[in-house]
Amino acid sequence: MLSSLFDPVQQLSQLYNTVQSAGAALNKLFSILDAVPEVDEHPAAIELPETGELKVTGVLFAYDASPVPALDGVSITVGVGEKLALVGPTGAGKSTLAKLMARLYDPAAGTVEFGDVNLKMATMGSLRSRIVVVPQEGFLFNGTIRDNLRIARADATDAEIESGIAAIGATEHFAQFSDGLDTQVRERGSRLSAGERQLVALARAALVDPAVLILDEATSNLDPGTEAEVEHALERLMTGRTVIVVAHRLSTVQRADRIAVVADTRIAELGTHSELLALNGHYAQLANAWAQSHSITS
Ligand SMILES: Nc1ncnc2c1ncn2[C@@H]1O[C@H](COP(=O)(O)OP(=O)(O)O)[C@@H](O)[C@H]1O
Ligand SMILES: [Mg+2]
């Protein structure tokens, strides 16, 4: 009697769990699809140079489904080795600008250049090895940790994979796993923390060794256990590279050389932390809000 009463409830709650995890999987799928480039290699494409400025000029961009542009009249040059933070309200266009800088999309008008080469004229191989996007959430594919790094560079030797992990200071962390880098992430999958997935994503980027790193900082805090390790890994990965980071944390903004405030499809303000504070505009308002909440919204 009791069990027949509780069974349907239990079934319902199981169904609810299933629906929930299907929802999570779908979100993940969409976020991957979102990162799939909708661009082709030009038949006369050339190799990007080893290094150079990243230059955005008069960019206009609208998503297919949208009648209004996500970016309109955006120009900015990021110097070699410069750290630029993008800040601003949700929906302003920060992530879109970051994606255009890696040619995940092409602008409808205007250009994005690296080392004076229009990204539309770059070979996909040189583009993906010069400019790397680290997504908000480290995503793992079925296979070992090693396989998950090799996705970034199919020809990487074991030694290169190990030095990618060493480059971000995560050697010891993965050595703790009983199978080390041969640990199956799927079996272990649910036990890999968000921070550990992020370490895999950062090691992938280190393996590619790009000139430009594009980061979309996670809005939520990582597990305290790995947060410091991820911070440290990021610090090491950013050293010596040009970095564009969509920033949600005050500490990230404070480490940047310059800050661009993206507001309503444009760059509204551009300068150092103190220059922008002195403007007493958007940035000053944001900085005030962070000072009160110790975090940044979107
Ligand atoms: N894949 C997409 N398809 C259609 N519209 C999008 C897509 N991604 C973002 N947008 C829209 O483009 C605008 C800019 O978004 P986004 O660059 O993500 O802003 P931010 O990163 O500053 O929050 C918003 O209006 C957003 O709704
Ligand atoms: Mg965004």
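The values are calculated or read from the model by the stated rules, or taken from the named source; none is laboratory data. Please read these numbers as outputs of a predicted model, since none were measured by experiment. Using ideal geometry, Cβ is built from the backbone for each residue, glycine included, and neighbour counts are taken over all protein chains shown. When the accessible area is computed, the model is the full protein with side chains, heavy atoms only, and any ligands, DNA or RNA have been set aside. Shrake-Rupley method; radii C 1.70, N 1.55, O 1.52, S 1.80 Å.
When VAL39, VAL74, VAL68 are checked against the criterion of being modelled with pLDDT of 95 or more, away from ligand 2 (no atom under 16 Å from the Cβ) and not small (Gly, Ala, Ser), a single residue qualifies: VAL68. Looking only at residues in region 207-264 that are charged (D, E, K, R) and within 16 Å of ligand 2 (Cβ to nearest atom), the one that is farthest from ALA159 (Cα to Cα) is ASP264.
Of the residues making up region 116-157, just one is in a helix (DSSP H, G or I), touching a helix residue (DSSP H, G or I) at 6+ places or on another chain (Cβ under 7 Å) and either open to solvent by 60 Å² or more (accessible area, probe 1.4 Å) or on the phi > 0 side of the Ramachandran plot (or both), namely ARG150. So which pairs qualify, if the first residue must be in region 117-142 and free of Cβ contacts under 8 Å to residues at least 24 places away in the same chain, the second must be open to solvent by 20 Å² or more (accessible area, probe 1.4 Å), the Cβ gap must be under 6 Å, and the two must be at least 6 apart or on different chains? As it stands, the answer is ASN118/THR111, since those pairs meet every condition given. Highlighted here would be strands (runs of 3 or more DSSP E) found entirely within region 51-107 that include at least 3 residues which are among the hydrophobic types (A, V, I, L, M, F, W, C) and open to solvent by 50 Å² or more (accessible area, probe 1.4 Å), but there are none. Of the residues making up region 228-246, at least one is more than 16 Å from ligand 1 (Cβ to nearest atom) and more than 26 Å from PHE174 (Cβ to Cβ).
Within region 86-103, residues that are more than 17 Å from GLU269 (Cβ to Cβ) and more than 6 Å from ligand 1 (Cβ to nearest atom) have Cβ atoms under 7 Å from residues that are open to solvent by less than 10 Å² (accessible area, probe 1.4 Å) and assigned to a helix (DSSP H, G or I) in these pairs: ARG103/LEU119; ARG103/LEU127, counting only partners at least 6 apart in sequence or on another chain.
For every residue, the table says whether it meets (1) touching a Phe, Trp or Tyr at 6+ places or on another chain (Cβ under 8 Å); (2) farther than 21 Å from LEU215 by Cβ; (3) touching a residue at least 60 places away in the same chain (Cβ under 8 Å).
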| position | (1), (2), (3) |
| --- | --- |
| ALA263 | no, no, yes |
| ILE267 | no, no, yes |
| THR272 | no, no, no |
| ALA278 | no, yes, no |
| HIS282 | no, yes, yes |
| LEU286 | no, no, yes |
| ALA289 | no, yes, no |
| SER293 | no, yes, no |
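Highlighted here are the helices (runs of 4 or more DSSP H) found entirely within region 210-298 that include at least 2 residues which are surrounded by fewer than 14 Cβ atoms within 10 Å (Cβ to Cβ) and touching a strand residue (DSSP E or B) at 6+ places or on another chain (Cβ under 9 Å): 273-279.
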